[in-house]
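Chemist: First the structure, which I've put down as structure tokens, then a few questions once you've had a look.
The values are calculated or read from the model by the stated rules, or taken from the named source; none is laboratory data. The shown structure was predicted, so the numbers you read here are calculated from the model rather than taken from an experiment. Counting neighbours? That spans all protein chains shown, and the Cβs are built from the backbone with ideal geometry, glycine included. These area figures cover heavy atoms from the full protein model, side chains too; ligands, DNA and RNA do not enter into them. Shrake-Rupley method; radii C 1.70, N 1.55, O 1.52, S 1.80 Å.
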Amino acid sequence: MTPELHTIPGHRAVETLVAKLRRRQVVGSREAALETALVLRQVVSKARFTNIQQLITVIREVGRRLAEAQPKEHSVGNTVRRVLHNVREEYNSATKGSSAASRNVYSISKFVLQGQPRKHTASAAKSETKVTLKENDPDDPDSFARALKPLLMEAIQDVLDELETVYDNVSKNAKDHIHSDEIILTVGHSKTVEAFLKSAGHYRNYTVIVAETAPSYQGHEMARSLSSAGISTFLVPDSSIFAIMSRVNKVILGAHAILANGGLFGISGALLAATAARAHSTPVVVCAGQFKLTPLWNLYHEYGALDFADPSSVLGFEEGPLVERVDVVNPYYDYVSPDLVDVFITNDGDHPPSSVYRLIKETYDDDDHEL
Amino acid sequence: MVPGPILEVHPPNGPPSGEPSTGQQKSQKAMTKAERRELQERQRAAKAAKSAASGVNGKPAGKSKDQAASAGGTPKQKPSRAAEPQAKSVAPAGARAAEKAKAGQASVATDSMAKNQARGLLIFSHFGLPKPVSAAKGDIHPAIARLALQFSAFKITGANARCIATLTAFKTVIQDYVTPPNHTLSRHLMTYLSPQISHLVAARPMSVTMGNAIRQLKLDISGTDFDLPEQDAKDALCRKIDTYIRERIIIADQVIQETAGNKIKDGDVILTYARSSVVEKVLLEAHASGRNFSVIVVDSRPMLEGKRLVAVLSEAGIQCTYLLLPALGSVMSEVSTVLVGAHSIHTNGAVYSRAGTALVAMMAKRHSVPVVVCCETYKFSETIQLDSFTKNELAPVGDLFSSFPNNKPRESLTLENKPNLEILNPLYDLTPPTCITAVVTEVGVIPPNSISSIPVALGRLL
């Protein structure tokens, strides 16, 4: 009983975002997440529903459309799942008043943490007033929606706030992770890592080596940005990553998406840095926001996210006859397996790769893994 | 025979001229020798007096140190440094003092600047920075001068190519050489060749292959018979050089072609990195003998040599795939063998090769793909290197090899050093022996741990 898109109020905003995503006009996972959250807020504020299941269906339909528009941009789906999870929680706390989600979530974490204060109680405490919600009221079909909407808007605002403060929260403890006179290696241009390094640069004097990350050459921008912030920076080609690794104290990487097994999709070149670090027993730190947690596995191939970029950055048409005789492979992302990563620094604290499954259980609902 | 024409190269910067920091300046040339000596004596006496004074009262020394330690603004340093030599010499300071002041303030300015970058630069100071080909001391044969220019412009690259080019140039030099009277060829030729060799080293640090070849040449020169007439001795030397090239490079390569070619089977996917002349020959030979395989060429900045290899291989009809180094993880699971060349190989089995080879070998090991290194025995080095910093070479900063793609706007790239930003392009790296499965040489296929015993087993020095 999935509703048609044009029947959903607010669908115009959804269609605009779908078009933008398909054309890859939204650049960056955080931007995509922010836009998704805003569109969902519009949809929820305009939605008409008499019971919670209708609202959930509407949100799922919208989410499915958005995720299909750009399947490689996982943060879109993650935001939808996050919103759904928050909506269900608000509903549960409003109707039943219980602190934890009373749906049948059977997880080890629930058994282990039973009785301990959970972070979700914070949102439940907000809704002090116990509203009597009447579902499917024939006399006043809008009463249910009217009563619940303020709580839902709060829930979505939570998601938006979290997205806005990602960089600040990730960089909160940067100065504890980086010491003076350390040499840090980083790859590509991740805004989260940039904020992390710049924040540590206020307190510590250290050196950063940035790998160029061919063929996107994002490393050049990163090096320029870091050096203009006063951090002494070295720009090296990717070929010298193993050569300099013996002097590097830490490798800090950004992630495009964090997978359910604790692995991650990072820009191509991240796997080289992580493997070389493992060969030298150098710690690998990944800085990412929690909106990048994805309930997804990379089982069937080594390619990261199956996203390929323009081959002319590798072998351009100026090479003439070569172009028709030679195959060119230019994957945009790398898959880094969980045994290569030591810690994920997220806006919600530091986690080892082995506990990512628990984070996913806590952040999303099981039903939403497939939108 | 007429000696070869002399090439004199002047350094780009002219004779040093002192900045008018103290105001009074007399060009050093204007002063006569006696005047200069007098000035020097005065300054020396003043300095001795000053050091005696500072022992009693450390204030002036401390004061200047303070000013040096404070934020390194050059104008601030100037008056303090300029004041010192004025205090030193009673007479008006001449060019010598101005020079000293300039050197003083330059060193102080670089001190404070160096403090900012000291941390970063120190750890990489082992790298050899590229030096401009400039002051040539002594007479340099034009063949050597041309070769040096080709080296510094990276027109001739690759261990084998450089060695063969060097030896060929030396043949010309030897033929043009004339023993001066009262000297023997066997003793004097080497001293004649030394400045030529230094000139080549100034252009680009010497490769291990060049070093081994020159060592063999020195041995041959010192072993020439005294009684031979000069032309015969020179011809004998040239013949020995030819034999060296033929036996240890050309024929060695042919043996390696066959041996490594036997490792390639139908349906194999061979991965190679950058451009090794030996690997190129192996692949062409294997294809010519009818085997059906495909090649993946992995390439990387700064030199992007793999493109030429892809051109050669695809011309010959071999199915090629081309990718850049970061994409390596995606294809490694399909590879059957990794075939790489080497610049040199050390006695512990570590391979010194183009930067990036270590990454390829490491990824192959992770995926349990055998790594085969093709290396002639004349590339063996008797030293042991522990990491890639001990001996390495930096490519000049900038887009010397035109290795950036055309569809990338140049403004988004950083092509030169900026404040707080330095660009390093190391050209070589060291692959640890644990990542290597086998080394194919002209004397057989040997595991990397046994490299040290090969010269002994063959009964020769190296």
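Chemist: Of A:Arg81, A:Arg65, A:Arg12, A:Arg30, which residue is surrounded by fewer than 16 Cβ atoms within 10 Å (Cβ to Cβ) and of a type in the set (Lys, Arg)?
Modeler: A:Arg12 is the lone residue from the list that is surrounded by fewer than 16 Cβ atoms within 10 Å (Cβ to Cβ) and of a type in the set (Lys, Arg).
Chemist: Any residue that is touching a His at 6+ places or on another chain (Cβ under 6 Å), within 26 Å of B:Asp429 (Cβ to Cβ) and open to solvent by 10 Å² or more (accessible area, probe 1.4 Å) - is there at least one of those in the stretch A:178-198?
Modeler: No, the stretch A:178-198 contains no residue that is touching a His at 6+ places or on another chain (Cβ under 6 Å), within 26 Å of B:Asp429 (Cβ to Cβ) and open to solvent by 10 Å² or more (accessible area, probe 1.4 Å).
Chemist: In the stretch B:435-447, which residues are more than 14 Å from chain A (Cβ to nearest Cβ) and not in a loop (DSSP other than H, G, I, E, B)?
Modeler: Result: B:Ala438, B:Val439, B:Val440, B:Thr441, B:Gly444, B:Val445, B:Ile446.
Chemist: Condition first: more than 9 Å from chain B (Cβ to nearest Cβ) and open to solvent by less than 10 Å² (accessible area, probe 1.4 Å). Now tell me which residues in the stretch A:256-281 satisfy that.
Modeler: Across the stretch A:256-281, the qualifying residues are A:Ala257, A:Ile258, A:Leu259, A:Gly262, A:Gly263, A:Leu264, A:Phe265, A:Gly266, A:Ala273, A:Ala274, A:Ala277.
Chemist: Could you list all residues from the stretch A:172-191 that are over 16 Å from the mean Cα position of the chain (by Cα) and part of a helix (DSSP H, G or I)?
Modeler: A:Lys172, A:Asn173, A:Ala174, A:Lys175, A:Asp176, A:His177
Chemist: Would you tally the residues in the stretch B:315-333 being open to solvent by 10 Å² or more (accessible area, probe 1.4 Å) and at the interface with chain A (Cβ under 7 Å from one of its Cβ atoms)?
Modeler: 3
Chemist: I've got another one for you. Would you tally the residues in the stretch B:150-170 being touching a Leu at 6+ places or on another chain (Cβ under 8 Å) and part of a helix (DSSP H, G or I)?
Modeler: 6
Chemist: Right, something else. Looking only at residues in the stretch A:310-330 that are in contact (Cβ under 8 Å) with a residue 40 or more places away in the chain and under 19 Å from B:Met332 (Cα atoms), which one is surrounded by the most Cβ atoms within 10 Å (Cβ to Cβ)?
Modeler: Step one: list which residues in the stretch A:310-330 are in contact (Cβ under 8 Å) with a residue 40 or more places away in the chain, which gives A:313-314, A:330.
Next cut, under 19 Å from B:Met332 (Cα atoms) only: A:314, A:330.
On the way: A:Val314: 21, A:Asn330: 23.
Taking the candidates together, the pick is A:Asn330.
Chemist: Among the numbered criteria (1) surrounded by 18 or more Cβ atoms within 10 Å (Cβ to Cβ); (2) touching a strand residue (DSSP E or B) at 6+ places or on another chain (Cβ under 7 Å); (3) modelled with pLDDT under 95, which one does B:Gly349 miss?
Modeler: Single failed check for B:Gly349: (2).
Chemist: Also, quick follow-up: So, of the residues in the stretch B:413-434 that are in contact with a Lys or Arg (Cβ under 9 Å, 6 or more places away or on another chain) and more than 14 Å from A:Ser240 (Cα to Cα), which turns out to be farthest from the other protein chains (Cβ to nearest Cβ)?
Modeler: Selected residue: B:Thr434.
Chemist: For the structure I just gave you, tell me whether A:Phe242 is of a type in the set (Phe, Trp, Tyr), at the interface with another protein chain (Cβ under 7 Å from one of its Cβ atoms) and either open to solvent by 20 Å² or more (accessible area, probe 1.4 Å) or not in a loop (DSSP other than H, G, I, E, B) (or both).
Modeler: Values: of a type in the set (Phe, Trp, Tyr): yes; at the interface with another protein chain (Cβ under 7 Å from one of its Cβ atoms): yes; either open to solvent by 20 Å² or more (accessible area, probe 1.4 Å) or not in a loop (DSSP other than H, G, I, E, B) (or both): yes.
When the stated conditions are applied, A:Phe242 passes them.
Chemist: Being basic (Lys, Arg) and in a loop (DSSP other than H, G, I, E, B) is the filter; apply it to the stretch B:289-314 and report the residue that is nearest to the other protein chains (Cβ to nearest Cβ).
Modeler: The selected residue is B:Arg301.
Chemist: Limited to the stretch A:223-233, what total is found for residues that are touching a Ser or Thr at 6+ places or on another chain (Cβ under 7 Å) and either free of Cβ contacts under 8 Å to residues at least 12 places away in the same chain or open to solvent by less than 10 Å² (accessible area, probe 1.4 Å) (or both)? Spell out the reasoning first.
Modeler: Filtering the stretch A:223-233 down to residues touching a Ser or Thr at 6+ places or on another chain (Cβ under 7 Å) leaves A:223-224, A:226-227, A:232-233.
From what is left, the residues that are either free of Cβ contacts under 8 Å to residues at least 12 places away in the same chain or open to solvent by less than 10 Å² (accessible area, probe 1.4 Å) (or both) are A:223-224, A:226-227, A:233.
Counting residues in the stretch A:223-233 that are touching a Ser or Thr at 6+ places or on another chain (Cβ under 7 Å) and either free of Cβ contacts under 8 Å to residues at least 12 places away in the same chain or open to solvent by less than 10 Å² (accessible area, probe 1.4 Å) (or both) gives 5.
Chemist: Would you mention how many residues in the stretch A:331-359 are more than 14 Å from chain B (Cβ to nearest Cβ) and surrounded by fewer than 21 Cβ atoms within 10 Å (Cβ to Cβ)? Full working, then the answer.
Modeler: We begin by selecting, within the stretch A:331-359, every residue more than 14 Å from chain B (Cβ to nearest Cβ); these are A:338, A:341-359.
Right, trim to surrounded by fewer than 21 Cβ atoms within 10 Å (Cβ to Cβ) and you get A:338, A:342-343, A:347-352, A:354-355, A:357-359.
Residues flagged as more than 14 Å from chain B (Cβ to nearest Cβ) and surrounded by fewer than 21 Cβ atoms within 10 Å (Cβ to Cβ) within the stretch A:331-359 amount to 14.
Chemist: Sticking with this structure for a sec: Taking the stretch B:246-292, which residues are on the phi > 0 side of the Ramachandran plot and of a type in the set (A, V, I, L, M, F, W, C)?
Modeler: The one that is on the phi > 0 side of the Ramachandran plot and of a type in the set (A, V, I, L, M, F, W, C): B:Ala274.
Chemist: Would it be correct to say that A:Glu194 is in a helix (DSSP H, G or I) and either under 30 Å from A:Pro311 (Cβ atoms) or at pLDDT 95 or above (or both)?
Modeler: Answer is yes for this residue.
Chemist: How many residues are of a type in the set (D, E, K, R) and either open to solvent by 60 Å² or more (accessible area, probe 1.4 Å) or more than 23 Å from B:Ser330 (Cα to Cα) (or both) if we restrict to the stretch B:279-303?
Modeler: Step one: filter the stretch B:279-303 for residues of a type in the set (D, E, K, R), giving B:280-281, B:285, B:291, B:299, B:301.
Add one more test, that the residue is either open to solvent by 60 Å² or more (accessible area, probe 1.4 Å) or more than 23 Å from B:Ser330 (Cα to Cα) (or both), and what stays is B:280-281, B:285, B:291.
Result for the stretch B:279-303: 4.
Chemist: Among the residues of the stretch B:369-394 satisfying the criterion of being within 14 Å of chain A (Cβ to nearest Cβ) and either over 22 Å from the mean Cα position of the chain (by Cα) or not in a loop (DSSP other than H, G, I, E, B) (or both), which is nearest to B:Lys281 (Cα to Cα)?
Modeler: Let us first name the residues in the stretch B:369-394 that are within 14 Å of chain A (Cβ to nearest Cβ), namely B:369, B:371, B:385-394.
Now drop any that are not either over 22 Å from the mean Cα position of the chain (by Cα) or not in a loop (DSSP other than H, G, I, E, B) (or both), which leaves B:369, B:371, B:393-394.
Numbers: B:Val369: 22, B:Val371: 17, B:Glu393: 26, B:Leu394: 28 Å.
The residue in question is B:Val371.
Chemist: Looking at (1) touching a Gly at 6+ places or on another chain (Cβ under 7 Å); (2) surrounded by fewer than 24 Cβ atoms within 10 Å (Cβ to Cβ), which is the only condition B:Met363 fails?
Modeler: It is condition (2) that B:Met363 fails.
Chemist: If you go through the stretch A:303-312 one residue at a time, how many are under 16 Å from B:Leu328 (Cα atoms) and either assigned to a helix (DSSP H, G or I) or within 9 Å of chain B (Cβ to nearest Cβ) (or both)?
Modeler: 3
Chemist: Here are some residues: B:Ala457, B:Ala438. Which one is open to solvent by less than 40 Å² (accessible area, probe 1.4 Å) and either in contact with a Leu (Cβ under 6 Å, 6 or more places away or on another chain) or among the small types (Gly, Ala, Ser) (or both)?
Modeler: Values: B:Ala457 fails: open to solvent by less than 40 Å² (accessible area, probe 1.4 Å).
Answer to the check: B:Ala438.
Chemist: Out of the residues in the stretch B:334-356 that are of a type in the set (Val, Ile, Thr) and out of contact with any helix residue (DSSP H, G or I) (no Cβ under 8 Å at 6 or more places or on another chain), which is farthest from the other protein chains (Cβ to nearest Cβ)? Outline the logic, then answer.
Modeler: Kept after step one, since they are of a type in the set (Val, Ile, Thr), are these residues of the stretch B:334-356: B:335, B:337-338, B:340, B:345, B:347, B:351.
Those still in the list that are out of contact with any helix residue (DSSP H, G or I) (no Cβ under 8 Å at 6 or more places or on another chain) too: B:337, B:347.
Details: B:Thr337: 18, B:Thr347: 20 Å.
This residue is B:Thr347.
Chemist: Based on this model, can you work out whether B:Thr357 counts as surrounded by 23 or more Cβ atoms within 10 Å (Cβ to Cβ) and either at pLDDT below 95 or not acidic (Asp, Glu) (or both)?
Modeler: Answer is yes for this residue.
Chemist: Another question about this same structure. Given the conditions (1) more than 21 Å from A:Ser240 (Cα to Cα); (2) modelled with pLDDT under 95, and given that B:Leu386 satisfies all but one, which numbered condition is not satisfied?
Modeler: (1)
Chemist: Determine whether the stretch A:209-218 contains at least one residue that is facing another protein chain (nearest Cβ under 9 Å), within 25 Å of A:Ser281 (Cα to Cα) and not hydrophobic (A, V, I, L, M, F, W, C).
Modeler: Yes, the stretch A:209-218 contains at least one residue that is facing another protein chain (nearest Cβ under 9 Å), within 25 Å of A:Ser281 (Cα to Cα) and not hydrophobic (A, V, I, L, M, F, W, C).
Chemist: So if I check each of B:Glu382, B:Glu376, which one is open to solvent by less than 10 Å² (accessible area, probe 1.4 Å) and in contact with a helix residue (DSSP H, G or I) (Cβ under 9 Å, 6 or more places away or on another chain)?
Modeler: B:Glu376
Chemist: Please go through the stretch A:18-33 and pick out each residue that is closer than 13 Å to A:Leu66 by Cβ and within 18 Å of the chain's Cα centre (by Cα). Step through it out loud before you land on a result.
Modeler: Here is the first cut: in the stretch A:18-33, the ones closer than 13 Å to A:Leu66 by Cβ are A:18-22, A:26, A:32-33.
A:Leu21, A:Val26, A:Ala32, A:Ala33 - these are the residues of the stretch A:18-33 that are closer than 13 Å to A:Leu66 by Cβ and within 18 Å of the chain's Cα centre (by Cα).
Chemist: Follow-up. Only one of (1) free of Cβ contacts under 8 Å to residues at least 60 places away in the same chain; (2) under 30 Å from B:His346 (Cβ atoms) is not met by B:Val208, so which one is it?
Modeler: Just one mismatch for B:Val208, condition (1).
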